[in-house]
Protein chains: 2
Amino acid sequence: MSRLTLIGTGPGDPELLTLKAVRLIAAAEVVAFPQKPGEASLAFEIAGGHVGPGAQLMPTDIPMNVDPEPARLAYRRLADTLVEKVQTGRDVVYLCEGDPLFYGSAIPLLEAVGGRVATSIVPGITSLTAASAEARLPLALRNAILKVLPAPLPDEVLEAELGRGAAALIKLGRHFDRVRALLARLGRAESAVVVEHATQARQRITPLADFAADERPYFSTLLVPARGAHS
Amino acid sequence: MSRLTLIGTGPGDPELLTLKAVRLIAAAEVVAFPQKPGEASLAFEIAGGHVGPGAQLMPTDIPMNVDPEPARLAYRRLADTLVEKVQTGRDVVYLCEGDPLFYGSAIPLLEAVGGRVATSIVPGITSLTAASAEARLPLALRNAILKVLPAPLPDEVLEAELGRGAAALIKLGRHFDRVRALLARLGRAESAVVVEHATQARQRITPLADFAADERPYFSTLLVPARGAHS
């Protein structure tokens, strides 16, 4: 039976695709992926080499505004199109950077598809574990808590959560300076490490303390080991 | 130059190995992995099919007691052996279930190796993202916080952390009944899902509400979506 499969392509290194992802991408008759007009698609750059010769490619522009409504509309339209293709007998895959359900672009698509067609998810290597591996920095061991904290959250929320445990701050962008100041105030800046473009050719790993004051990291994860870990 | 590579083999499905893991396992001259005497090794069951014909296999018994000292000693001995093999010119891999640095058995090994030989880490699919994918249950979206909470932590710590955000409870074992009661008290039990043996043949996915009162889940992750998510 035909189905829709949402596939995690991992953080950037094409070798971090799973065998399952490769098999399903190669067999798919329709391959959809997010792509902004005039820009490259990271998911397709990672996985495109495995697409079969007769497959239909469907780059899809998903608007990324603060207002979530245009994106919701785009996902709803994409869902309708993909559902129709599955219902007419084709195997469809949607490529997502990282893991489909870990802060992934597949979540609104999955919700928009609902139960209309058979749907599966293939997990992918997350930017979190990739950053940790590349920095050789263990995040959490034994009974330690690990928190994933989106940097756009207000200072008081981040401060309350940072406590003692290990944390990974994501979506840094224009929040980087504020988060950096907060970590310094909490005494958590010294062990923190910035990993940019994990596993990609332009990867850069920098202790937070050495990160230039006038720079902002891109596509990055800020790893904050547990207080007192590895001592 | 020879090196030691700690390789994540993923949660159980051999197809969730990455292309990089397969390539490095096939090329390795020494393949070490955790294995209890008289038991199967999950990491080797997942990845063993890719080991090259001339490779030396090194099953290693790592004691899993509440007292961490015997395990620390075993990792130190293993580290010395693997370092010696790399120093005499062999490529060595150590296979870990899941991801090496996400609550992984590679962390104490990495620490025991120190900087004695060149060491790399290949990230693996975590049981967390695998459970989420198999249950088709998104964990965290946009600016939601995601917490990984080991179940052995005391009730007051878990209660303070559970707040509103999404959580994955790990290491449930004999703590299952206590955690279940806590989630019920906090009004978080109804949306929670138990995923046992994610991606393995014996996988079972059960809403927490339907889990038999006299049973305990094994090798499982308890997914607790954010309050009000997907509504």
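Phi angles of region A:73-89 translate, via the Karplus equation with coefficients 6.51, -1.76, 1.60 and θ = phi - 60°, into HN-Hα couplings of 5, 5, 5, 5, 5, 4, 4, 4, 5, 5, 4, 4, 5, 5, 5, 9, x Hz per residue; Gly and Pro are given as x. The H on the amide N of B:F33, modeled in the peptide plane, is under 5 Å from the matching H of B:M58, B:T60, B:L95, each at least 5 residues off or on a different chain.
Within the straight-line cut-off of under 16 Å between alpha carbons, the aspartates and glutamates reachable from B:K36 are B:E45, B:D61, B:E97, sequence neighbours fewer than 8 places apart in one chain being disregarded. Helix content alone sets the calculated 222 nm mean residue ellipticity of chain B: runs of n ≥ 4 DSSP H residues at -39500 (n - 2.57) each, divided across all residues, give -8500 deg cm²/dmol.
Each part gets one Cα centre, and for region B:45-96 versus region B:137-158 those centres are 32 Å apart. Beyond 20 Å in Cα-Cα separation lie the following of the pairs A:K20/B:K171; B:K147/B:K171; A:K147/B:K20: A:K20/B:K171; A:K147/B:K20. In nanometres and ascending order, the distances from the B:E39 label point to those of the other copies are 4.7 (point 7 Å from Cα along Cα→Cβ). DSSP finds beta bridges in region B:1-113, and of those with both partners inside it, around 5 percent are antiparallel. The phi torsions of region B:173-188, fed into the Karplus equation with coefficients 6.51, -1.76 and 1.60 and a -60° offset, translate into couplings of x, 6, 8, 4, 4, 5, 5, 4, 5, 5, 4, 4, 4, 8, x, 10 Hz, rounded to whole numbers, with Gly and Pro shown as x. With neighbours defined as other Cβ atoms within 10 Å of a residue's Cβ, the residues A:T18, A:T199 order from fewest to most as A:T199, A:T18.
Taking θ as phi - 60° and the Karplus parameters 6.51, -1.76 and 1.60, the scalar couplings of region A:213-225 work out to 5, 9, 10, 10, x, 10, 6, 10, 10, 9, 8, 10, x Hz in sequence order, x denoting glycine and proline. Here the protein assembly as shown carries DSSP beta bridges of which approximately 40% are antiparallel, counting only pairs with both residues inside. Among B:M64, B:M58, sorting on how many other beta-carbon atoms sit within 10 Å of each Cβ, with the fewest leading, yields B:M64, B:M58.
For chain A, DSSP calls about 35 percent of its internal beta bridges antiparallel. Annotation: amide H of B:T5 within the under-5 Å range of B:V92, B:V93, B:Y94, B:S120, sequence separation 5 or more or interchain, hydrogens built in the peptide plane.
For A:A28, the residues whose modelled amide H falls within less than 5 Å of its own, excluding neighbours fewer than 5 places apart on the same chain, are A:G52.
Just so you know, all these numbers are worked out from the coordinates, no wet-lab data involved. These figures come from a predicted structure and were not determined experimentally. In this analysis, Cβ positions are derived from the backbone assuming ideal geometry, glycine residues included, and neighbour counts consider all displayed protein chains.
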